[in-house]
Structure formats: C-alpha cells, structure tokens
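Let me begin by presenting the structure, written as structure tokens, before commenting on it.
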Amino acid sequence: MGSPPRSLSRFGRSAPVSRREFVAAVGGAGGASLFGPSADASESEPDHLRVRVYPGPVPPTAWLWYGVEGMSDDWPTPFQDAFAAVEDAMDQIQAYAADRSLISDSTSVSEPELTVRVERGPPVRFPLLSVSQPTDLAFPSLSAVLDAFRDQLHDRGALGGPTCHLLLCWSPFNYQVGYGGTISPNDLIDSAGSDADDPDAVAGAQTVANIGATEVWDSRAVSRNIAIHEVLHTFLSPDIVADVGDTRCDHNLGTATRTGLEGRTLQVSPMATAYAGPDEFGGGTRFHGTGCYDHDEFARHDGYEVNDTEPAVDRFEYTTELSEATLEAATRYLIRLTT
C-alpha cells in the first residue's frame with residue numbers, strides 16, 4: 001500500500017492536481033453528479049457561522065461491516081458519530097463563550113452571543129472509475145481533494161459566508177490524504193478569494209477528515225477526534241493561537257494527560273490527536289501526524305516515558321473534551337468575526 005497514511009494540516013504543501021485524482025481520493029463510488037438532495041442544509045442566513053458536513057461515498061465493504069443504518073441518505077454510523085462529535089465540540093465553544101460573558105464586569109459591554117450552526121450537507125457523488133484506466137487509481141494528494149471539493153462547492157453556489165465545509169471521506173489506504181487536513185488560503189472560515197463571486201467576499205474554509213483511515217487503522221474514538229481536529233483547524237488563526245499558547249502551531253493547544261492506574265493511560269484531546277505520542281508507527285494513533293508540534297509547548301503534556309515518579313504509558317485514549325487553550329483561541333477568533 002506504499003507509505004502509511006499521514007495526518008496533514010494547513011501546513012501541508014499544495015500542488016497542481018487533476019479532477020481524476022480527486023475521484024480516486026474519495027473512493028470512486030457513486031452517481032454522476034457531485035451533490036444529491038439534502039433537507040438538512042439551509043441556504044438562508046449566509047452570514048451565520050456554520051459548519052457544514054458532507055458525506056463522501058462509502059464502499060460496499062464498509063456498509064457490510066458497519067451495517068445498513070444510514071444507507072438511505074449516505075450516513076453510515078462512523079459518519080454519524082463524527083458529525084455528532086463536531087456538534088459537541090461547537091457546543092463546548094459556545095458554552096465557553098457564554099461563560100466568558102457571564103463572568104465579565106457588569107459595567108462593561110457584554111460579549112456578543114456566539115452561535116455556530118452545525119448542519120448536514122448533501123452527499124458527495126463521483127462517477128465510477130473505469131477499470132480500463134488503471135492510472136486513475138493513483139493516490140491523490142490532499143490538495144487534489146480540497147481543490148476539487150472547493151470547485152464543486154463553488155459550482156453549486158455553496159460558498160459564501162463564514163463557513164467550514166467538512167468532507168468526510170473513506171480512503172483508508174490513501175497515504176497522501178492521511179487522516180485529513182486543510183491548506184491555506186482556504187484554511188479559516190473567514191477566508192476570502194476567487195472562490196466567491198466577489199474576490200473580496202468571504203468564501204469560507206474547506207477541510208477533509210478521512211474517517212475511512214481512522215476506522216480501519218485506529219478506532220471510533222480517533223474518528224471522532226480527527227473530525228473535530230480538522231474542523232478546529234478552520235477556527236484557529238495563527239495570530240490568536242500565538243497569543244493564547246505562545247506558539248503559532250495550533251496542535252500545541254492540545255493536551256495529553258496521564259490518567260488511570262499509576263498514570264499509565266495518556267488521555268489525548270482533539271487538537272493533540274496524532275501528535276501526542278512518539279513519532280513512530282503505532283505511537284498513540286497508528287500513524288503519527290506530519291504537521292507542526294512540540295510536546296514541550298503543548299497546553300499540557302505529561303509525557304509517555306518512564307520518569308522519576310511515573311512508569312511508561314501503556315495505553316492512549318481519546319477524549320472529545322477540548323482543552324481550555326483550544327476553547328480560548330477558538331472563542332477569541334469567533335468573537336472577532338462577530339464584532
């Protein structure tokens with residue numbers, strides 16, 4: 001299968017790509033058009049802060065393994081759980097923002113109400129691959145997936161307003177997409193550019209979470225965290241990250257906390273997922289991330305090796321609870337957008 005999958009972020013490289021590459025990236029299954037109908041995604045209130053989640057095509061083998069629940073609308077249970085995890089993360093941010101308002105000085109101007117709407121986007125479809133064209137099966141890059149995803153969103157008129165567009169894909173063997181990621185200049189929800197009809201208008205961000213990779217190589221807990229992780233990239237601007245964490249690397253806002261009997265379990269928060277363990281095969285997640293990180297600059301990292309007071313960690317677990325540093329940075333960014 002080539003090199004193992006890797007987890008990429010906005011720090012990844014961009015390269016010229018073809019639309020055929022994108023077809024291979026998301027599994028090559030489905031119908032002739034990109035988007036099917038959706039009753040969940042509302043096109044009203046374009047300036048409302050949003051996270052819109054799109055299910056990519058899922059191969060028959062996955063449906064056989066996970067069951068037929070959700071087959072009628074292309075939402076297998078791993079996708080459903082990823083969506084619910086993103087909803088919960090946005091609820092945590094909104095609750096944190098509300099708490100900030102409650103404890104502010106009563107004589108000062110209160111913080112604005114912060115609402116992030118999480119909604120289902122329509123399923124993503126792609127033409128079937130022809131077996132007579134084996135070159136189409138080459139593993140595409142992350143930028144290939146994001147470029148084609150963005151093009152299709154633009155064609156549908158779905159771009160515009162401060163929105164994170166999250167594609168859930170099923171590509172467990174695509175080492176170039178890895179666990180997912182997003183790439184500048186479309187890496188923050190207030191990104192602007194040629195994606196919108198008005199070049200100065202907000203076009204939003206696009207990101208990918210490779211749930212196929214996390215399900216095949218890791219666990220449902222990692223799937224949830226990676227979905228949150230990739231969405232949070234679009235809510236964490238480098239300047240605010242640097243303000244909050246004294247680092248421009250948003251992965252360092254995460255935590256890795258020893259818990260359990262004798263501290264042998266390392267509990268990892270979403271932004272630290274794929275980065276909390278040693279940089280080796282099976283270091284926490286099966287494959288270590290390739291983006292920026294520094295355990296010494298994490299919001300908290302208790303270490304995983306033997307030290308003077310604790311034994312080595314022998315188990316990693318993943319919590320969807322966001323670190324306080326992540327909550328603070330995301331809240332500051334979203335409040336900046338609403339003022």
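Scanning region 259-275 for residues that are part of a loop (DSSP other than H, G, I, E, B) and small (Gly, Ala, Ser) yields 260, 269, 274.
Say whether the condition of being within 20 Å of residue 233 (Cα to Cα), modelled with pLDDT of 95 or more and open to solvent by 60 Å² or more (accessible area, probe 1.4 Å) is met by at least one residue in region 90-103. Yes, the conditions are met somewhere in region 90-103. Filtering region 276-318 to residues that are touching a residue at least 60 places away in the same chain (Cβ under 8 Å), in a loop (DSSP other than H, G, I, E, B) and buried (at least 18 other Cβ atoms within 10 Å of the Cβ) leaves 285, 286, 287, 288, 290, 291. Pairing each residue of region 59-77 that is at negative phi and free of Cβ contacts under 8 Å to residues at least 12 places away in the same chain with any residue that is surrounded by 12 or more Cβ atoms within 10 Å (Cβ to Cβ) and not polar (S, T, N, Q), provided the two are 6+ apart or on different chains, yields C-beta distances under 7 Å for 71/63; 77/66; 77/70.
Out of curiosity, is residue 151 charged (D, E, K, R), open to solvent by 30 Å² or more (accessible area, probe 1.4 Å) and either in contact with a Lys or Arg (Cβ under 9 Å, 6 or more places away or on another chain) or in contact (Cβ under 8 Å) with a residue 60 or more places away in the chain (or both)? Answer is yes for this residue.
Residue 247 meets each of the listed conditions (1) closer than 14 Å to residue 332 by Cα; (2) open to solvent by less than 30 Å² (accessible area, probe 1.4 Å); (3) among the β-branched types (Val, Ile, Thr) apart from (1). The single condition among (1) open to solvent by less than 50 Å² (accessible area, probe 1.4 Å); (2) modelled with pLDDT under 95; (3) over 19 Å from residue 285 (Cα atoms) that residue 190 does not satisfy is (1). Here residue 244 fulfils each of the conditions (1) assigned to a strand (DSSP E or B); (2) of a type in the set (A, V, I, L, M); (3) in contact (Cβ under 8 Å) with a residue 60 or more places away in the chain apart from (1).
Between 338, 331, which is surrounded by fewer than 20 Cβ atoms within 10 Å (Cβ to Cβ) and under 30 Å from residue 116 (Cβ atoms)?
Answer to the selection: 338.
Looking at 221, 213, 192, 274, can you tell me which residue is aliphatic (A, V, I, L, M), touching an Asp or Glu at 6+ places or on another chain (Cβ under 8 Å) and closer than 25 Å to residue 317 by Cα?
One residue alone meets the criteria, 221.
The values are calculated or read from the model by the stated rules, or taken from the named source; none is laboratory data. Predicted, not measured: the structure shown is a model, and the values here were computed from it. For neighbour counting, all protein chains shown are included, and Cβ atoms are generated from backbone atoms with ideal geometry for every residue, glycine included. Surface accessibility is based on the protein's heavy atoms, side chains included, excluding ligands, DNA and RNA. Shrake-Rupley method; radii C 1.70, N 1.55, O 1.52, S 1.80 Å.
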